[in-house]
Amino acid sequence: MTSHGASESPETAAGTREVPFREAFRYWFRLGFVNFGGPAGQIAIMQRDLVDRRKWISQDRFLYALSYCMLLPGPEAQQLAIYIGWLLHGTWGGVVAGAFFVIPSIFILWGLSAVYAAYGSLPAVAGIFTGLKPAVVALVIVALMRISGRALRPRGLIAVAAAAFVGIYLLRIPFPVIVLGAGLLGFVAGRLWPRSFQQAHAGAESSDRDPASDQSRARIEEARGSWRRAVRILLVGLLMWAAPFFLLVLWRGWSSLHALQYRFFTQAAFVTFGGAYAVLAYVMQAVVQSYHWITHAQAIDGMGLAETTPGPLIMVLQFVGFMSAWNQPEGMSPLAAGTLGAVVTTYVTFLPCFFYIFLGAPYIEGLRGNRSLTSALSGITAAVVGVILNLALVFGLAVLFPGGWGHAPDGFALSLCAAAFVALYFFKLDPIWVVLAGGAIGLLTALLK
């Protein structure tokens with residue numbers, strides 16, 4: 001779907017089309033319902049929609065923002081949406097982008113969790129997602145091809161991307177180590193071969209005539225020079241965390257499960273670097289083995305639900321919060337306790353993401369002209385390509401080879417993935433409709449069995 005009312009939108013002083021808040025609101029609202037495929041799929045959708053189709057943000061700025069978000073704890077794709085929303089329309093733009101990135105999945109996963117807790121597995125729903133997932137795999141492949149063409153410049157960065165892929169996929173090196181190593185390599189390479197990096201990024205900043213650049217220029221300058229703004233954001237963030245916790249403790253008690261969930265998932269939101277998979281490994285070990293809130297089987301089922309619903313993979317934490325409280329209602333009905341557990345978990349998981357961006361983005365944007373930082377971030381961006389390739393491979397193998405590597409592929413998934421790739425790459429169809437068409441085919445196939 002192309003931009004609505006593109007010819008009628010006002011223009012900035014630089015001559016680029018200004019993106020009205022209403023148009024952006026519609027996009028972020030829709031994105032929350034179709035952002036399947038975890039971080040790789042979600043980054044792919046935003047790459048296709050915001051860089052390639054709508055041209056709201058340049059490729060260089062998109063990759064620059066993505067590199068910063070990959071350094072932060074929490075879900076990098078949602079943080080990227082907040083970042084772009086903030087560039088376009090300030091604080092409210094970031095709030096809308098980040099909130100609607102997860103709001104639809106909150107309600108969808110809440111409903112699926114309630115049905116799962118009451119009745120067990122959901123074979124009918126599984127049929128829909130059997131068709132969705134191959135289409136998402138194709139979308140990730142197309143986006144990876146586009147991103148790598150721009151991110152791996154100078155071409156020596158291909159080696160960094162390959163090393164990052166080998167490190168995370170084969171050697172299981174922790175993600176923060178890979179990112180820091182890539183940044184260091186980029187910094188050193190920029191010092192040793194400055195001309196190559198200058199040529200690779202020549203004109204990147206001056207050619208930023210996209211709406212995200214023009215609509216954010218004055219805001220960035222104002223935010224960088226205001227320490228009061230930073231203090232205000234910190235105080236608001238602290239209040240938004242402390243006030244609900246105070247009320248929860250008054251209602252349920254300090255030692256209640258819900259209060260413990262509030263504290264534990266707050267800690268998880270700040271210490272789990274490396275994206276959704278790092279968070280999941282940390283949390284699942286704690287809730288299954290240490291706290292015994294849920295069983296290992298429930299944890300696996302929760303992962304399956306999160307993998308096949310829109311929203312970040314970290315939404316599985318909402319399922320964990322729901323099932324933990326459902327299993328231990330502490331005087332409430334199981335549904336009410338589970339719902340409160342889901343709300344508590346989701347709130348403290350995503351709240352910090354907004355403040356990471358609102359605090360850091362103005363300063364990161366202000367350093368775009370710094371050659372040393374640009375070189376370091378070029379190395380990190382190359383590593384991001386390797387990490388996305390890892391996510392795509394893990395996701396793709398799970399979808400196309402459900403029996404494991406070495407077994408025969410799923411013919412239906414492979415055919416649907418190939419058809420989706422042709423539709424996206426050669427016919428350049430809107431990815432939203434391609435993904436939804438895959439879900440419809442999957443549902444039809446399930447009904448005909």
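The values are calculated or read from the model by the stated rules, or taken from the named source; none is laboratory data. Keep in mind that this is a model prediction, so the values were computed, not measured. Heads up, the Cβs are rebuilt from the backbone with ideal geometry, glycines too, and the neighbour counts pull from every protein chain shown. For accessibility, only protein heavy atoms count, side chains too; no ligands or nucleic acids. Shrake-Rupley method; radii C 1.70, N 1.55, O 1.52, S 1.80 Å.
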Report summary line: With the first residue restricted to the stretch 27-42 and required to be open to solvent by 10 Å² or more (accessible area, probe 1.4 Å) and at pLDDT 90 or above, and the second required to be not β-branched (Val, Ile, Thr) and not in a helix (DSSP H, G or I), Cβ contacts under 8 Å at 6 or more apart or on different chains are PHE33/PRO310
Requested in this report: Please work out which residue is most open to solvent (accessible area, probe 1.4 Å), limiting yourself to the stretch 208-232 and to residues that are in a loop (DSSP other than H, G, I, E, B) and not charged (D, E, K, R).
Outcome: GLY225
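Looking at the stretch 300-319, which of its residues are at pLDDT 75 or above and open to solvent by 10 Å² or more (accessible area, probe 1.4 Å)? Talk me through it step by step, then tell me what you get.
Let us first name the residues in the stretch 300-319 that are at pLDDT 75 or above, namely 301-302, 305-306, 309-319.
If the condition is that a residue be at pLDDT 75 or above and open to solvent by 10 Å² or more (accessible area, probe 1.4 Å), then ASP301, LEU305 are the ones that fit.
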Report task. Taking TYR116 as meeting all but one of (1) in a helix (DSSP H, G or I); (2) of a type in the set (Phe, Trp, Tyr); (3) at pLDDT 90 or above; (4) over 15 Å from the mean Cα position of the chain (by Cα), write down the number of the exception. Result -> (3)
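Taking the stretch 49-91, which residues are among the charged types (D, E, K, R), more than 19 Å from SER378 (Cα to Cα) and open to solvent by 10 Å² or more (accessible area, probe 1.4 Å)?
Listed by number, the residues that qualify are ASP52, ARG53, ARG54, LYS55.
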Report task. Look through the stretch 263-295, keep the residues that are modelled with pLDDT under 75 and closer than 22 Å to ALA114 by Cα, and return whichever of them is least open to solvent (accessible area, probe 1.4 Å). Result -> LEU280
**Report entry** Residues of the stretch 377-401 that turn out to be open to solvent by 20 Å² or more (accessible area, probe 1.4 Å), in contact (Cβ under 8 Å) with a residue 12 or more places away in the chain and over 20 Å from the mean Cα position of the chain (by Cα), as a count
**Finding:** 1
Report summary line: Listed by first then second residue, the pairs whose first member lies in the stretch 241-257 and is part of a loop (DSSP other than H, G, I, E, B), whose partner is surrounded by 17 or more Cβ atoms within 10 Å (Cβ to Cβ) and of a type in the set (A, V, I, L, M), with beta carbons under 9 Å and at least 6 positions apart or on separate chains, are GLY253/ALA259; SER256/LEU248
Requested in this report: Could you figure out which of (1) modelled with pLDDT under 85; (2) at negative phi isn't true of GLY406?
Outcome: (2)
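From LEU180, LEU235, grab the single residue that is at pLDDT 90 or above and either part of a helix (DSSP H, G or I) or in contact with a helix residue (DSSP H, G or I) (Cβ under 9 Å, 6 or more places away or on another chain) (or both). Before you say what the answer is, go through the steps one by one.
Details: LEU180 fails: at pLDDT 90 or above.
Result of the check over LEU180, LEU235: LEU235.
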Query raised in the report: Which of (1) surrounded by fewer than 24 Cβ atoms within 10 Å (Cβ to Cβ); (2) within 20 Å of the chain's Cα centre (by Cα); (3) of a type outside the set (A, V, I, L, M, F, W, C); (4) not in a helix (DSSP H, G or I) does TYR347 not meet, given it meets every other one?
Result: (4)
Query raised in the report: (1) in a helix (DSSP H, G or I); (2) modelled with pLDDT under 95; (3) under 19 Å from the mean Cα position of the chain (by Cα): which one isn't true of GLY74, the others all being true?
Result: (1)
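Might you let me know whether the stretch 105-113 holds any residue that is closer than 30 Å to PHE358 by Cα, in a helix (DSSP H, G or I) and open to solvent by less than 40 Å² (accessible area, probe 1.4 Å)? Before you say what the answer is, go through the steps one by one.
Residues of the stretch 105-113 that are closer than 30 Å to PHE358 by Cα, as a first pass: 105-110.
Subset that is in a helix (DSSP H, G or I): 105-110.
In the following step, the residues that additionally are open to solvent by less than 40 Å² (accessible area, probe 1.4 Å) were identified as 105, 109.
Yes, the stretch 105-113 contains at least one residue that is closer than 30 Å to PHE358 by Cα, in a helix (DSSP H, G or I) and open to solvent by less than 40 Å² (accessible area, probe 1.4 Å).
Suppose we filter GLY404, GLY366 for residues that are surrounded by fewer than 15 Cβ atoms within 10 Å (Cβ to Cβ), touching a residue at least 60 places away in the same chain (Cβ under 8 Å) and among the small types (Gly, Ala, Ser); which single one remains?
That would be GLY366, the only listed residue that is surrounded by fewer than 15 Cβ atoms within 10 Å (Cβ to Cβ), touching a residue at least 60 places away in the same chain (Cβ under 8 Å) and among the small types (Gly, Ala, Ser).
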